[in-house]
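Colleague: Just dropping this structure here.
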Amino acid sequence: MPELATLPPVRIPRYLLAGAPGWTTRADVIVVGSGIAGLTCALRLREQVDRVLLVTKTVLSAGSTAWAQGGIAAALDPEDSPQEHLEDTLVAGVDLCDEAAVHALVNEGPERVRELVALGAEFDRAPGGDILLTREGGHHRDRIAHAGGDATGAEISRALIEALERVKNDPGIEVIEHALVVDVLTDGADRVCGATLHVIGEGEQDGIGAAHARAVVLATGGLGQIYASTTNPSVATGDGMAAALRAGARLADLEFVQFHPTVMFLGEGSTGQQPLISEAVRGEGAFLVDDSGTRFMQGQHPQADLAPRDVVARAIVARMRETGAEHVWLDARHLGKDFLEKRFPSIVARSRELGYDPATQLIPVAPAQHYASGGVWTDLDGRSTLDGLYACGETACTGVHGANRLASNSLLEGLVFAHRIAEDITARIQSGELAQVEPHAPDDDTSLLPEECRLDVQRAMTAGSGVVRSAESTAQTYAAISDLLAATAPAQPTTAAWETTNLAHLGLVLTAAAHARQETRGGHERIDYPERDDINWLGHLHHVHTPESVTMTFVPQEDSHR
């Protein structure tokens with residue numbers, strides 16, 4: 001058991017400053033989020049419980065799912081097997097995956113994908129009619145199903161939203177768009193019984209309200225906007241994770257942030273959502289070179305340019321450090337104009353908009369934040385440590401990803417565990433286990449950071465808790481965010497202020513974990529601890545909010561099984 005290097009405790013209030021609810025509504029289950037996880041869960045629950053409330057932050061199609069380029073991984077080829085998919089996932093997770101969770105993912109995944117096809121999702125097909133499969137980093141088989149070449153997430157989102165539209169007149173399901181989850185509501189015994197929402201609307205549901213339910217499912221996506229540069233959309237501000245944290249749910253593995261190795265470099269200081277160059281481009285034969293044209297992934301890993309993302313990202317950072325360059329280059333020219341335009345129409349079009357033609361030019365790339373492997377700790381049925389609170393998709397830490405997500409496992413995770421959550425909630429409601437209870441009235445323990453502090457949070461996180469870290473850098477980041485929270489007078493409640501505060505709260509916890517983990521593993525590099533350390537660090541950091549601070553504990557891998 002390692003002795004944890006800790007930073008000064010910082011108190012995080014229980015609630016965000018929001019004001020009294022002006023309206024209330026009730027449902028059996030509230031599902032927050034409209035990506036693959038939220039939509040799948042809501043559609044399945046709608047078939048089995050009396051009333052489902054689906055709320056989403058902006059519009060149904062605005063989440064991270066629609067931006068997923070590469071595809072969804074599943075052992076659909078007769079020559080492939082769930083066991084081989086499991087083995088590749090465990091390797092990518094650097095020995096920190098929960099094998100039972102991965103077993104559920106890879107064995108249930110093919111059937112869930114077939115159900116998605118039956119629902120209307122149209123994947124690219126081979127001449128014989130079978131789903132066309134390709135390969136991405138870390139996979140030893142062609143098992144990535146894709147749609148529209150490089151628009152898989154958009155097609156899955158379309159199919160699920162159309163399925164929702166077909167039942168929109170069903171009184172058993174209600175959809176509220178432009179609804180931000182502010183906080184999770186609990187009774188006096190920490191039983192989750194609803195959520196505080198802010199709805200931008202007119203009429204009865206407008207402004208702050210309280211939605212009461214037997215269970216709440218958080219499928220709000222990741223925390224990518226915590227960094228200055230990310231592939232995540234603007235809505236990815238960690239709202240569900242932060243609300244769960246403040247309510248007292250356990251969070252885990254927050255330090256394991258995946259930085260996608262090939263994000264188009266748009267120049268020093270470029271911030272916000274950055275254009276991703278899918279790993280599938282390297283899966284089709286593109287490769288990385290430095291300024292001199294040297295292929296530097298050769299000899300770094302047996303799979304070279306198709307090594308797991310953490311390996312490639314760290315190799316790029318190392319080569320940039322050696323050469324003093326701000327980026328490296330992706331060479332896809334040999335694939336040819338016709339192939340690139342057919343296989344990757346979205347990437348080619350976006351690249352040309354930005355002044356680069358992949359058919360004739362090298363593309364400048366560098367790592368940027370892409371995926372959060374950690375989140376709200378859940379068991380195999382998606383239950384958090386708070387009764388009645390579930391988490392799914394990137395909001396959750398199911399144990400599937402370990403220290404580093406295997407390419408294209410995220411869409412499959414959302415699909416598989418959303419289905420498991422729906423079945424578990426249904427069974428518990430039918431048995432009377434999930435009774436409706438009344439929320440404890442929120443007290444005055446609130447906080448809110450003004451929206452103008454967001455860039456300060458993002459810059460601090462990028463500088464100290466990004467792809468390259470050290471004890472000194474993480475301590476500086478932690479101090480900077482702590483100072484922001486301590487020195488700033490409470491802001492007026494706005495969506496931007498709630499989002500900024502969520503990012504700050506999660507930034508503190510993530511940075512505390514990054515400071516404590518004294519090794520290099522997964523998506524980050526600790527330059528003061530450059531080696532992986534299985535003797536001391538084969539395990540997980542868990543975080544729980546208390547009235548005084550957020551406690552951090554280390555759980556060895558052998559004790560962490562779901």
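The values are calculated or read from the model by the stated rules, or taken from the named source; none is laboratory data. It should be emphasised that the depicted structure is a prediction, and the values quoted were computed from it without experimental measurement. No Cβ is skipped: glycine too gets one built from the backbone with ideal geometry, and neighbour counts run over all protein chains shown.
Colleague: Restricting region 51-60 to residues that are buried (at least 18 other Cβ atoms within 10 Å of the Cβ) and out of contact with any Lys or Arg (no Cβ under 8 Å at 6 or more places or on another chain), which is farthest from residue 151 (Cα to Cα)?
Modeller: The extreme case among them is 53.
Colleague: Does region 306-318 include one or more residues that are part of a loop (DSSP other than H, G, I, E, B), closer than 26 Å to residue 253 by Cβ and touching a helix residue (DSSP H, G or I) at 6+ places or on another chain (Cβ under 9 Å)?
Modeller: Yes, some residue in region 306-318 is part of a loop (DSSP other than H, G, I, E, B), closer than 26 Å to residue 253 by Cβ and touching a helix residue (DSSP H, G or I) at 6+ places or on another chain (Cβ under 9 Å).
Colleague: Of all residues in region 17-35, how many are modelled with pLDDT of 95 or more and buried (at least 24 other Cβ atoms within 10 Å of the Cβ)?
Modeller: Final tally of qualifying residues: 6.
Colleague: Report the residue count in region 256-298 for those that are modelled with pLDDT of 90 or more, farther than 16 Å from residue 329 by Cβ and surrounded by fewer than 20 Cβ atoms within 10 Å (Cβ to Cβ).
Modeller: Looking only at that region, the number is 1.
Colleague: Right, next: Output the residue which, of all residues in region 374-409 that are among the hydroxyl-bearing types (Ser, Thr, Tyr), within 20 Å of residue 72 (Cα to Cα) and at pLDDT 95 or above, is nearest to the chain's Cα centre (by Cα).
Modeller: Out of the qualifying residues, it is 395.
Colleague: For region 118-161, give me each residue that is assigned to a helix (DSSP H, G or I) and either in contact with a strand residue (DSSP E or B) (Cβ under 8 Å, 6 or more places away or on another chain) or of a type in the set (S, T, N, Q) (or both).
Modeller: 152, 156, 157, listed by residue number.
Colleague: Within region 379-396, is even one residue among the polar types (S, T, N, Q), outside the structural domain of residue 290 (by TED's automatic domain parsing) and surrounded by fewer than 24 Cβ atoms within 10 Å (Cβ to Cβ)?
Modeller: yes
Colleague: Also: In region 237-251, is there at least one residue being buried (at least 22 other Cβ atoms within 10 Å of the Cβ), in contact with a strand residue (DSSP E or B) (Cβ under 6 Å, 6 or more places away or on another chain), at pLDDT below 95 and not in a strand (DSSP E or B)?
Modeller: The answer is no; no qualifying residue exists.
Colleague: Let me ask something additional. Provide a single number: the residues in region 82-107 that are under 24 Å from residue 418 (Cβ atoms) and part of a loop (DSSP other than H, G, I, E, B).
Modeller: Number of matching residues: 4.
Colleague: Can you spot a residue in region 463-474 that is in contact with a Leu (Cβ under 6 Å, 6 or more places away or on another chain), in a loop (DSSP other than H, G, I, E, B) and at pLDDT 90 or above?
Modeller: Among the residues of region 463-474, not one is in contact with a Leu (Cβ under 6 Å, 6 or more places away or on another chain), in a loop (DSSP other than H, G, I, E, B) and at pLDDT 90 or above, which makes the answer no.
Colleague: Considering (1) at negative phi; (2) crowded, with 21+ Cβ neighbours inside 10 Å; (3) in contact with a Ser or Thr (Cβ under 6 Å, 6 or more places away or on another chain), say which one residue 48 fails and leave the rest.
Modeller: For residue 48, the exception is condition (2).
Colleague: Follow-up question, since we're still on this one. Scan region 204-216 and tell me whether some residue there is under 21 Å from the mean Cα position of the chain (by Cα), outside any strand (DSSP E or B) and at pLDDT 95 or above.
Modeller: no
Colleague: Among the residues of region 469-480, write down those that are touching a residue at least 40 places away in the same chain (Cβ under 8 Å) and buried (at least 20 other Cβ atoms within 10 Å of the Cβ).
Modeller: Correct list: 469, 474, 478.
Colleague: Considering only region 423-462, how many residues are surrounded by fewer than 17 Cβ atoms within 10 Å (Cβ to Cβ) and within 21 Å of the chain's Cα centre (by Cα)?
Modeller: So the count comes out to 2.
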